[in-house]
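Quick notes on the structure that follows.
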Amino acid sequence: MPETIDKNTFLGLFSPGQRVYVGGSTNEPTGLINILKSHPERISGITFIQQPLVVNETDLSSLADDCRQVTFFMTPALREGYASGRVDFIPMQMRAIHDYLARDKIDIALLQAARDINGILRFGPNVDYVGAVSDSASCMVIQINSSFIAPLGSPKVNLDNQCLLIEVDSAKPLYPETRVDETSRQIGNLVAGIVRDGNCLQTGIGAAPSAILAALGNRSDLGFHGGLVDDGVMQLVKNGNLTGIRKSIDTGKHVAGMALGSAALLDWAAEDGNFVLRSADYTHELSVIQQLDNFISINSAVEIDLFGQVNAEVTAGRQVSGTGGAVDFMRAAKLSRNGRSVVAMSATARRGQVSRIVPRVEMVTALRTDVDMVVTEFGIARLKDASLAERAELLIEIAHPDFRDQLREAASPGN
């Protein structure tokens, strides 16, 4: 049976040289982090490992002297630590991160759990790497957070395992609502035209994915399998558009690694047993997704070049995000029968001053062989089976008109 500990016992677990995994995004145990912040003398020399999102506002490398942080995703909170050399960024896709953590030497794993509507202790509302660190960590400390009710479809905490429980309340793990502008609505309508009744979706985060989901109100029997479920997915379920009944596996279930959104989303997840949370070795696993017919992967990007290469992580020489799971899903879509993948993004950035379709991307996140369709507010470029010359022309046609001439010049032979 697990042991319930207090703050002093918790602080006594740490010693210099340890590698400590900390749950990220909406599974961040912020109550435990706040305890560590208040006692920096107890955690000197620790290396923390986390994949954060923008909701995670703590640079773990700054908690005490000689601390470091390993990350797979860059956020604003980590920029100073990265610039100073305290934060180490590892470029790695989400499916590979799961395997990395499963074989890594982790001394302590810090995770979050809550009780469900029946009083059962469950992880969440993010479980992307819970399975991996449960196997590899020598010690697992679980913050029990009573500020929210655990999703009914989250994995149970195995009370037979050697884990330590500590009751610490912290704020609900919420993600701010994304503002959808007119450009995003135009993109959303175009992508919605690609989606057919019964298709199984995967979407990311941001204005374009939100607009796409909002534009699917006249579709029926949609399915979902992805890294995250947000308020847009929840609304499609509530409206009856997304049922999952045509899925060849997990029929009737909405599968994701995390719930990422409002308090209303958490309330829905707490009661809808058809929403199922699974680790990244399932949500991002090609052999699983290829069993889903008509799988459509929808993600965004920073820029795409005339070869079809996608940059989703670097802007002006700065690492601004990470590889994430988009490439996992893009490649899985190729294996799905009638599967398709979509890169959806606005044609320009910086208020129209910069084209996001460029001659050559700054960093290659997805290979030109990974890309299927690209959508901007100016149209759809279907790159699958297109030659290099055809790819360039198709992409130029959906670039902003102000940049098309210079892109054609860049694409001309000899340049």
**Computed E for E390/N338 - FRET, C-beta separation, R0 22 angstrom, nearest 0.05** = 0.50
**Message:** Sort 44-50, 160-166 by the packing proxy (mean of other Cβ within 10 Å over each peptide's residues), most packed first.
**Reply:** 44-50, 160-166
**Message:** Taking the Kirkwood radius as the inverse of the mean 1/r across Cα pairs, report the Rg/Rh of the range 23-131.
**Reply:** 0.97
**Prompt:** How far apart, in nm, are two points set 7 Å out from the Cα along the Cα-to-Cβ line at D99 and at S146?
**Reply:** 4.3 nm
**Fill in**
Scalar couplings 3J(HN,Hα) for the range 129-143 by Karplus 6.51 cos²θ - 1.76 cosθ + 1.60 (θ = phi - 60°), nearest whole Hz, x for Gly and Pro, are 10, 4, x, 5, 6, 5, 7, 9, 6, 5, 9, 10, 10, 10, 7
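How do the peptides 65-77, 83-95 rank, highest first, by the average count of neighbouring beta carbon atoms within 10 Å per residue? Walk me through the numbers on the way to the answer.
On the way: 65-77: 19.2, 83-95: 16.3.
The most tightly packed comes first, giving 65-77, 83-95.
If r is the Cβ-Cβ distance from V54 to K238 and R0 is 30 Å, what FRET efficiency results, to the nearest 0.05? Provide the component values of the computation, followed by the final result.
On the way: r = 26 Å, r/R0 = 0.87.
Plugging the Cβ-Cβ distance into 1/(1 + (r/R0)^6) gives 0.70.
Near D169, within a Cβ-to-Cβ distance under 15 Å, what is the net charge of the other residues, with Lys and Arg +1 and Asp and Glu -1? Intermediate values should be presented prior to the final figure.
Values: positive: K7, R115, K172; negative: D6, E28, E167.
Result for the local shell: 0.
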**Complete:** Expressed as a whole-number percentage, the relative contact order of the range 304-415 with C-alpha contacts under 8 angstrom and at least six residues apart is 31 percent
**Message:** Ignoring solvent entirely, what values of log10 I(q)/I(0) come out of the Debye formula for the chain at 0.06, 0.11, 0.14 Å⁻¹ when each Cα is a single scatterer?
**Reply:** -0.25, -0.81, -1.24
**Asked** In nanometres, what is the gap between the two model label sites at E397 and L159, each 7 Å from Cα along Cα-to-Cβ?
**Response** 6.2 nm
**Asked** What length, rounded to one decimal in nm, is gained on full extension from K172 through to T4, with 0.36 nm per residue of separation minus their alpha-carbon distance?
**Response** 58.3 nm
**Asked** Hey, if you drop one equal point scatterer on each alpha-carbon of the range 230-320 and run the Debye formula without solvent, what base-10 log of I(q)/I(0) do you get at q = 0.15 Å⁻¹?
**Response** -0.76
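Out of the total accessible area of the range 330-415 (probe 1.4 Å, heavy atoms of protein only), what percent is carbon and sulfur? Intermediate results must be reported in sequence, preceding the final value.
On the way: 2160 of 4600 Å².
In the range 330-415, the share of accessible area belonging to carbon and sulfur is 47 percent.
Rounded to two decimals, what ratio of Rg to Rh does the range 178-229 give with C-alpha atoms and a Kirkwood Rh? Display every interim value, and only then the final one.
Working: Rg = 10.5 Å, Rh = 11.1 Å.
Taking Rg over the Kirkwood Rh, I get 0.95.
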**Asked** Long-range amide H contacts for R278: which residues qualify at under 5 Å (H placed 1.01 Å from N, peptide plane, sequence gap of 5 or more or a different chain)?
**Response** A256, G257
**Asked** So which GluC sites (Glu not before Pro) in the range 24-90 are both in a DSSP loop and have at most 13 other Cβ atoms within 10 Å of their Cβ?
**Response** E57
**Request:** Go through K105/K334; K253/K334; K247/K334; K7/K156 and tell me which ones have a Cα-Cα distance over 26 Å in this structure.
**Result:** K105/K334
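Relative contact order of the chain: what whole-number percent is it, with Cα pairs under 8 angstrom and at least 6 residues apart? Could the numbers behind the result be given before it?
Numbers: 1027 pairs, mean separation 56.0, N = 415.
Computed over the chain, the figure is 14 percent.
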**Complete:** Net charge near A132 (other residues with Cβ under 10 Å of its Cβ; Lys, Arg +1; Asp, Glu -1) is -4
**Asked** What net charge is computed for the residues neighbouring G12, neighbours being all others with C-beta under 12 Å from the C-beta of G12, Lys and Arg scored +1, Asp and Glu -1?
**Response** +1
**Message:** Give the aspartates and glutamates whose C-alpha is closer than 12 Å to that of K37, dropping any in the same chain fewer than 8 places away, or say none.
**Reply:** D59, D65
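Could you order the peptides 167-174, 284-291 from most to least packed, using the average number of other C-beta atoms within 10 Å per residue? Present the calculation step by step, with values, prior to reporting the outcome.
Details: 167-174: 16.1, 284-291: 18.4.
By packing density, highest mean first, the sequence is 284-291, 167-174.
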**Request:** Quote to one decimal, in nm, the extra length available between R360 and R408 on full extension: 0.36 nm per residue of separation minus the C-alpha distance between them.
**Result:** 16.0 nm
**Asked** If each of S15 and D272 carries a label point 7 Å out from its Cα toward its Cβ, how far apart are those two points in nm?
**Response** 4.7 nm
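The values are calculated or read from the model by the stated rules, or taken from the named source; none is laboratory data. None of these values were measured; they are calculated from a predicted model. All Cβ positions, even for glycine, are placed from backbone atoms using ideal geometry, and neighbour counts span all protein chains on display. Note: accessible area is taken over every heavy atom of the protein model, side chains too, but ligands, DNA and RNA are not part of it. Shrake-Rupley method; radii C 1.70, N 1.55, O 1.52, S 1.80 Å.
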